[in-house]
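What follows is a single structure, written as structure tokens, with notes after it.
The values are calculated or read from the model by the stated rules, or taken from the named source; none is laboratory data. None of these values were measured; they are calculated from a predicted model. Neighbour counts are summed over all protein chains in view; Cβ atoms, including those assigned to glycine, are modelled from backbone coordinates with ideal geometry. Side chains are part of the model used for accessible areas, which takes the heavy atoms of the whole protein and leaves out ligands, DNA and RNA. Shrake-Rupley method; radii C 1.70, N 1.55, O 1.52, S 1.80 Å.
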Amino acid sequence: MLLRRAVLEKIGTGEVDLAFRRWKRPTVKAGGTLRTRLGLVRIVAVEKVDIDSIGPEEARRAGVGVQELLSMLRAKPEGDVYRVRLGGIEPDPRVALREDSTLEGEAVAGLVARLDRLDRLSKRGPWTRETLRLLADNPHVRAQDLADRLGLEKMVFKNDVRRLKELGLTISHSPGYELSPRGWALLERLESAG
């Protein structure tokens, strides 16, 4: 479920607390979160609704006029209409994690173990350290250019970087990526130990 930045800002202020989507099956579930560029949006409820039951008040709570909302939902004829109740935005824990560069003992060992596991599970062999070094040496370079240097398809490369981002090691930009302070701290530890 994609949400425009203007809508995300209104969710953050509480002005918007609903979204409506037409899906063959919902892509979010009650109790979950949706990761966005402004943080984690809490999903409170997901309910199938009759499109004709949507009125001006619910459209306002979704940040649009009722005619605009109904036109958008009718433009995609397949699937059911769902009302998604939103519970605000929480900070993305990866942001605080990536800023934490105080890596000592167990934290380093835990990250090394996670990288080793990612390498072991890869069908093409170890990749994590090479990717960290590539990002360190090439900040803000387009993903396609970096993927080409490694002989990978762009989506394979981007998925690899997402795995590193989950560990707080990278920051995404447009274009490209860079190592986070945590990523730099880990890379320095890896290279001084290796």
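For ALA96 and VAL49, FRET efficiency with R0 = 35 Å and r from the beta-carbon atoms, rounded to 0.05? Efficiency, from the Cβ-Cβ distance: 0.45.
Out of the total accessible area of the chain (probe 1.4 Å, heavy atoms of protein only), what percent is carbon and sulfur?
The nonpolar share, carbon plus sulfur, comes to 50 percent.
Solvent exposure of the chain, expressed per residue, is 57 Å² of accessible area, with all protein chains present and a 1.4 angstrom probe.
Positive contributions from Lys and Arg (+1) and negative ones from Asp and Glu (-1), summed over other residues with Cβ under 14 Å from the Cβ of ARG60, come out at -2.
Based on the alpha-carbon gyration tensor of the stretch 1-95 and its eigenvalue square roots a ≥ b ≥ c, which shape applies: rounded if a/c is under 1.5, prolate if not and a/b is larger than b/c, or oblate? Could the numbers behind the result be given before it?
Working: a/c = 2.03, a/b = 1.51, b/c = 1.35.
Here the stretch 1-95 falls in the prolate category.
Using a Förster distance of 25 Å, how high is the FRET efficiency between ARG74 and GLU9, based on the Cβ-Cβ distance and rounded to 0.05? Given R0 = 25 Å and the Cβ-Cβ separation, E is 0.40. Largest GNM mean-square fluctuation among ILE43, ILE51, ILE89, using the chain with Cα springs under 10 Å: ILE51. For mean projected area of the Cα convex hull in nm², the value computed from the atomic coordinates appears in the list [x] 12.2; [y] 13.2; [z] 11.1 under label [y].
Dipole size of the chain about its Cα centre, with +1 on Lys/Arg Cβ and -1 on Asp/Glu Cβ: approximately 600 debye, rounded to the nearest 20.
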